[in-house]
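Remarks on the structure that follows.
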Amino acid sequence: MLILAIIVFGMVIGALAQLIIGGKNMWNIDWTLAIVAGMVGSFVGGLLISLLSGDGLSLRPSGIIGSLVGALIVTGGWIWYRKRSTVS
């Protein structure tokens, strides 16, 4: 059950990152990117911010904000890479 909750949390964070970044198709969410960006962003950003702020591994606002920032970075990087590879 915990794994399912982590996947759903990552998917929501990744979708929120896509909505914040926006673009031409703001309401057309790429769910594969949302899951991957949310999971990677949550792991790297959430873990890093939680440990740096001294909150440990418990669920705190600093970890949620770190997860969102990490997902924004992953989503932005992926969109940049896709635009760069289609132009060439």
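Would you check if residue 43 is under 11 Å from residue 67 (Cβ atoms), open to solvent by 100 Å² or more (accessible area, probe 1.4 Å) and either of a type outside the set (Val, Ile, Thr) or more than 13 Å from the chain's Cα centre (by Cα) (or both)? Don't jump to the end; show me each part of the working.
Working: under 11 Å from residue 67 (Cβ atoms): yes; open to solvent by 100 Å² or more (accessible area, probe 1.4 Å): yes; either of a type outside the set (Val, Ile, Thr) or more than 13 Å from the chain's Cα centre (by Cα) (or both): yes.
Judged against the criteria, residue 43 is a match.
When you scan segment 1-17, do you find a residue that is open to solvent by less than 80 Å² (accessible area, probe 1.4 Å), part of a loop (DSSP other than H, G, I, E, B) and over 15 Å from residue 66 (Cβ atoms), even just one?
No, that holds for no residue.
Pick from segment 61-87 the residues that are open to solvent by 30 Å² or more (accessible area, probe 1.4 Å) and hydroxyl-bearing (Ser, Thr, Tyr): which of them is modelled with the highest pLDDT?
So the residue we want is 81.
The values are calculated or read from the model by the stated rules, or taken from the named source; none is laboratory data. Because the structure is predicted, anything quoted here is derived from the model rather than measured. We place every Cβ from the backbone using ideal geometry, glycine too, and count neighbours over all the protein chains shown. Quick note on the areas: whole protein, heavy atoms, side chains included, nothing else; ligands and nucleic acids left out. Shrake-Rupley method; radii C 1.70, N 1.55, O 1.52, S 1.80 Å.
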